Amino acid sequence: MHIRWTGAAAGFAVACALGFTGLAQAASLTGVYGPGASGPNVRELQSILDHHGYHIPTTGYFGAMTEAAVKNFQATHHLATDGIVGPLTERALDSASPTTTSSSTSPKFEAAPVSTYRVQAGDTLGRIATRFHTTWQHLAAINHLANPNNIRVGQVLHLSGTVTRPSRTTAEVRTAAHNYRVQPGDTLSKIAARFHTRWPILARLNHLANPNALYVGQVLTLPGGTSTATMAANKAKSGSGSASVSLPVQSAPQSMDAAIVSTAFKYLGVPYVWGGESPRGFDCSGLVQYVLAQNGISIGRTTWAQWNDVNHIARSNLVPGDLVFFNTYASGASHVGIYIGSYPKLGYAQAFIDAPAPGQSVMVQNLNNVYWSSHYYGAGAVRP
């Protein structure tokens, strides 16, 4: 591959100051390729990376997948892992190019036929991922690592596989099956009668200081594992007790769900920054963590941690303020956004807000378009 390099070293410093989006447009830097660039040279770059075992589509657009492949290639060749194709990376690609592209030729960087790795002294998850041409996020997900910085010598890690949810105990399944989301017009006594229990039990189980102070969208825990006889007894005992709590659901100034969505809208247009977690710049999980923190909700920093920190729900049960997850550059939950419901302004029946990728900004996305639908991984309700 011969990518033109027309800028001097000083010119590259200017490019760094401009940011990724300026690389593809600056006339004196047509040989530098980074996130946001597009055209036939990017397509050629993707084709060569694919021949080396970094299997990415040849779209002609330098997106997150291409950036990850370039960084892995750079790390393998002991180059600065900036994700930008400059003179040194170009020369490495040229010298390492396969001599033939026939189907009989194995890619130069074909993964070793091993499925596990035993951690050695001095290892980090990032170094292991680079060695086996994957990402640390994928390794953390398939090995269920709560803290990717906490690996120990002698620990055996799986190098491939699909992300699976850990099996839940009977108690966890029972709890998951006994939750209820408050609807308009509900009262605690009505909910109690519907599920054959008493309102004081619900109030105590959910630590409600004021049983009249419910809000629409609030998730209540219901008593689990109640026998038929116990349900009948509770219903018989409810009598006048339920009648003492009869006020309708209060119309709070703003429900938690509405507050989350309202906060997310404040940051539309904030640029994407890898590792960003403030209004100066966000990545996808950084935006989610920041927005939830503004509403008093604590959640993990990374996408896979956030997937483990939510109550998993069906797509049909999504309400504004929930989180939606996607498998994009890696298997499992590798991208996340905040669900906002319908967005008539753009004609979206289902929409979410996210920080998409380098060169882009926080925006409203269509959950039902082809890309997001095909990469949809799951959804979750945050735990207030």
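The values are calculated or read from the model by the stated rules, or taken from the named source; none is laboratory data. These numbers were taken from a predicted model, which means no experiment stands behind them. Glycine also receives a Cβ, built like all others from the backbone with ideal geometry; neighbour counts cover every protein chain displayed. SASA here: full protein model, heavy atoms, side chains in, ligands and nucleic acids out. Shrake-Rupley method; radii C 1.70, N 1.55, O 1.52, S 1.80 Å.
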Within the stretch 35-46, of all residues that are under 18 Å from residue 71 (Cβ atoms) and in contact (Cβ under 8 Å) with a residue 24 or more places away in the chain, the one most open to solvent (accessible area, probe 1.4 Å) is 36
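Does residue 343 satisfy the condition of being of a type in the set (Ser, Thr, Tyr), more than 15 Å from the chain's Cα centre (by Cα) and open to solvent by 10 Å² or more (accessible area, probe 1.4 Å)?
Values: of a type in the set (Ser, Thr, Tyr): yes; more than 15 Å from the chain's Cα centre (by Cα): yes; open to solvent by 10 Å² or more (accessible area, probe 1.4 Å): yes.
Answer is yes for this residue.
At least 3 residues that are in contact with a Pro (Cβ under 9 Å, 6 or more places away or on another chain) and modelled with pLDDT of 90 or more in each: list the strands (runs of 3 or more DSSP E) lying fully within the stretch 270-358 that qualify.
Working: elements: 311-313, 323-326, 335-343, 348-354.
It comes to 335-343.
Please count how many residues of the stretch 335-361 are touching a helix residue (DSSP H, G or I) at 6+ places or on another chain (Cβ under 6 Å) and more than 27 Å from residue 182 (Cα to Cα). Show your work before the answer.
Of all residues in the stretch 335-361, those touching a helix residue (DSSP H, G or I) at 6+ places or on another chain (Cβ under 6 Å) come to 335-336, 338, 340, 353-355, 357-359.
Going one step further and asking which of them are more than 27 Å from residue 182 (Cα to Cα), we end up with 335, 355, 357-359.
The qualifying residues number 5.
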Only one of (1) among the hydroxyl-bearing types (Ser, Thr, Tyr); (2) at pLDDT 75 or above; (3) open to solvent by 50 Å² or more (accessible area, probe 1.4 Å) does not apply to residue 21, and that is (2)
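Of a type outside the set (Lys, Arg), at pLDDT 80 or above and part of a loop (DSSP other than H, G, I, E, B): is that true of residue 74 in this structure?
Numbers: of a type outside the set (Lys, Arg): yes; at pLDDT 80 or above: yes; part of a loop (DSSP other than H, G, I, E, B): no.
Answer is no for this residue.
Looking at 253, 248, 184, can you tell me which residue is within 19 Å of residue 295 (Cα to Cα), at pLDDT below 80 and open to solvent by 60 Å² or more (accessible area, probe 1.4 Å)?
Values: 248 fails: within 19 Å of residue 295 (Cα to Cα); 184 fails: within 19 Å of residue 295 (Cα to Cα).
Answer to the check: 253.
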Only one of (1) touching a His at 6+ places or on another chain (Cβ under 8 Å); (2) modelled with pLDDT under 75; (3) not polar (S, T, N, Q) does not apply to residue 54, and that is (2)
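Would you check if there is a residue in the stretch 162-179 being at pLDDT 80 or above and either assigned to a loop (DSSP other than H, G, I, E, B) or under 26 Å from the mean Cα position of the chain (by Cα) (or both)? First the steps, then the outcome.
Looking only at the stretch 162-179, we keep the residues that are at pLDDT 80 or above, and these are 179.
Add one more test, that the residue is either assigned to a loop (DSSP other than H, G, I, E, B) or under 26 Å from the mean Cα position of the chain (by Cα) (or both), and what stays is 179.
Yes.
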